[in-house]
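Shown next, in structure tokens, is the structure this report addresses.
Where a number appears in this text, it was derived from the coordinates with a stated rule and is not lab data. Treat the numbers as computed from the prediction; the structure is a model and nothing was measured. Note that we place each Cβ from the backbone using ideal geometry, even for glycine, and neighbour counts take in every protein chain shown.
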Amino acid sequence: MRTFFITGTDTGIGKTYAMLALGHLLQQAGHNIGVFKPVQSGVGDAEFLKAGLALTDALREINPYFAKEPLSPHLALKRAGVLVTPHGIRRAFDHIAARHEIMLVEGAGGLLVPIEGEYLMADLVRDLDAELIIVARLGLGTINHTLLTVREASRQGIRIAGILFADATGSHKGLAEKTNPDAVRKLCGVPVLGTVPFLKRTDALTVRRSCRRQIDMDVLLAGPSEDTRRLIALDKKYVWHPFTQMKDWVADIPGEPLVIDRGRGSYLMDAAGQKYLDGTSSLWVTVHGHAKRELDDALKAQTDKLAHSTMLGLSNTPAIELAEKLIGIAPRGLAKVFYSDNGSTSVEIALKMSYQYWQNTGRRKKSSIVHLSNSYHGDTLGSVSVGGISLFHEVYRKLIFKTIQLDMPDGYRAPHGKTYPAYAFEAVDRFEVLLKKRHHEIASLVLEPIVQGAAGMIMWPQGILKALAQLCRKYDVLLIADEVATGFGRTGKMFACEHENVTPDFLCVAKGITGGYLPLAATLTTQRIYDGFLFPYRDMKTFFHGHTYTGNPLACAVALANIDLFKKERVLEKMQPKIAFLKRRLEPLQDNLFVGDIRQRGFMVGIELVEDRASKKPFAWQERVGAMVCERARAYGVILRPLGNVIVLMPPLSMSAPELDMLVTAVEKSIADVLGEKRRLSCGY
Ligand SMILES: *Cc1c(COP(=O)(O)O)cnc(C)c1O
């Protein structure tokens, strides 16, 4: 289904005639078209189009909102006592669109005409995910009006299918009329579809005959699917994707790579307009949904001021303001902010600072770093050194520095004869044994508090984090909390450390910090650590580290708006009932024969698939069961990415309960499809 939204550069341009012409040409080409005129005031365009195009839809389906007075719709409808809502328009549209292959939607006046309150035509175009056709007059003044409309549409991320000129008068054509289409084409780079000629009669035969050679329907209909094919070919030719076996990627298999082109709220859309629920927050980053107005505006406003300036030797406004904000929301006791641009670097910075702190302050033997089994802290060599997932880290063993690994139990697989959660606390005992013996050589402990994400959403019972933090305090070992995944509301609190009242010596944040807009990271630390670097320059105790894009003003401006939204929209408060809903909604999955464990903390969920529930025997990794389930979910309109045999759900915090329901339903169906088939095969029938 494709939707074209026909807007004028002004009112009285000949928009309805353009609708009629397009309608006839599309019908002639064999397309089943529908017409939608959401709001109408004054003249009866909807009646005219219904009759002219012989449409069988009821008039009130074509035009749900109507007022007699020839005023701007918001005014006319208000005076007529008609209540218009964006939701109502959307519902009426979905109803009629279900019957047609191509929808032509007619606006009223131009793109910035109000419909109701602050809701403008442009907002409706975005909500309907429509492609825009701009109808412009032929004569004097059109260049200015057309360019203004094109600029505004582009600014709002609306795809423009083309510009259509309308000869509404049929009068003699001067130089302006003859040259304007070409001038506009050159100035704005948008395809010009042609000119709707002056129509003396509006019967089908006349319209088709007089418009056929005037309007280029091939250009109009070429659109997104050809774009997509071209893009996929270029992708396969030039791009190398992360964590991807490119041999599989470039193979010609059905279900070609998806090329994402747009996002709105909880949805991602490919270039052809297909919608998918974003079940992983675009790899764990999206917070308030895609194309969030406040974040868009913050970014645009900052681009008008300054895109980048260095933090080496200079400072910048958004970076300063953000530092204050971050300290304001972080666990009490953190006092300083060091910026970088991704999660791995935020951890490396903490590792280097924790090491150098002891070097600077005279306890040089404290130089080892402890990390946990199953840990993940990023992909650069420093962060791989403290990684505990052999699948990712084994190949690089010879390149990385030596660390001490502390065994951390996986709650789902307690050893025989041991009970969970009690046995999980054995890790705390092991840590104390280690510290007693070697604390004088240990600089820091790095961990992902409460949820070990990349390991497959392994979650710790209440109390472990606190106990580890207390041991660090007792033996003077610095605690690095990597909240790259858990930060910014993921677990139901702003930071996971808050669940157990822990203030680490270093707090590493990235992923959600800009609401999922731009790469930015920060390492927060205490006054004590900061003071450990204050020496005369000649002592060489400066923190010698910095990235080119450190403290980028665009990213910091968006991060500020992101934090403001948490407060303004009471995000954490509104999440709580949705967390409970998600928990209830996941319960029936527990009965599935292949679901071994369902783990949830806030909006972080792991569903572990196993071959045999009694023995907890995992599927062999070569079977790619997790990947197959996630691939299958696309057929149900959901994007997911697994971690081995664990299906991960990481919805944006703004995802609504009905959308969460859709998400879980898609997972249920996908597991049934993939594993039902498997069971049939293994049983031999
Ligand atoms: C994603 C992640 C990282 C790495 O972040 P990048 O921005 O990908 O470098 C580090 N730690 C944790 C806990 C993560 O989830």
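Here are the numbers for this structure:
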quantity: Relative contact order computed over the chain (Cα-Cα under 8 Å; 6+ residues apart), in percent; calculated: 12 percent
quantity: All aspartates and glutamates inside 16 Å of residue 200 as judged from Cα atoms, apart from same-chain residues fewer than 8 positions distant; calculated: 167
quantity: Shape category assigned to segment 43-146 from the gyration tensor of Cα positions, a/c cut at 1.5; calculated: rounded
quantity: Whole-number percent relative contact order across segment 2-223, with pairs defined as alpha carbons under 8 Å at least 6 apart; calculated: 26 percent
quantity: Segment 50-77-segment 631-648 distance, computed between alpha-carbon centres (Å); calculated: 43 Å
quantity: Approximate spin-label separation residue 171-residue 401, in nm, with each point projected 7 Å along Cα-to-Cβ; calculated: 8.0 nm
quantity: Under 19 Å from residue 669, Cα to Cα: lysines that are on another chain or at least 8 residues apart; calculated: 275, 583, 678
quantity: Coarse-grained scattering of segment 472-529 at q = 0.14, 0.24, 0.25, 0.29 Å⁻¹, given as base-10 log I(q)/I(0) from a Debye sum over alpha-carbon atoms; calculated: -0.40, -0.97, -1.02, -1.20
quantity: Reference-scaled alpha-carbon Rg (2.2 N^0.38 Å with N residues) for segment 2-223; calculated: 0.95
quantity: Anisotropy class of segment 303-442 from Cα gyration tensor, a/c 1.5 cut; calculated: prolate
quantity: Ratio of the Cα radius of gyration of segment 415-456 to 2.2 N^0.38 Å, where N counts its residues; calculated: 1.45
quantity: log₁₀ of I(q)/I(0) at q = 0.07, 0.08, 0.10, 0.11 Å⁻¹ - the chain, Debye sum with one point per alpha carbon; calculated: -0.59, -0.74, -1.02, -1.16
quantity: Peptide ranges 605-613, 590-598 listed from the most packed, as the mean C-beta count within 10 angstrom indicates; calculated: 605-613, 590-598
quantity: Isotropic mean projected area of the C-alpha convex hull, segment 141-267 (nm²); calculated: 12.3 nm²
quantity: Calculated diffusion of segment 580-685, Stokes-Einstein form, Kirkwood radius summed over Cα pairs, 20 °C and 1.002 mPa s, µm²/s; calculated: 153 µm²/s
quantity: Principal axis dimensions, segment 333-538 - Cα atoms, whole angstrom, descending; calculated: 59, 45, 38
quantity: Compactness index (Cα Rg / 2.2 N^0.38 Å), segment 74-198; calculated: 1.18
quantity: Cα extents of segment 107-167 along the three principal axes, largest first (Å); calculated: 32, 22, 18
quantity: Lysines with Cα under 27 Å of residue 78, excluding same-chain neighbours fewer than 8 positions away; calculated: 15, 37, 50, 68
quantity: Gap separating the Cα centres of segment 197-261 and segment 275-348, nearest whole Å; calculated: 35 Å
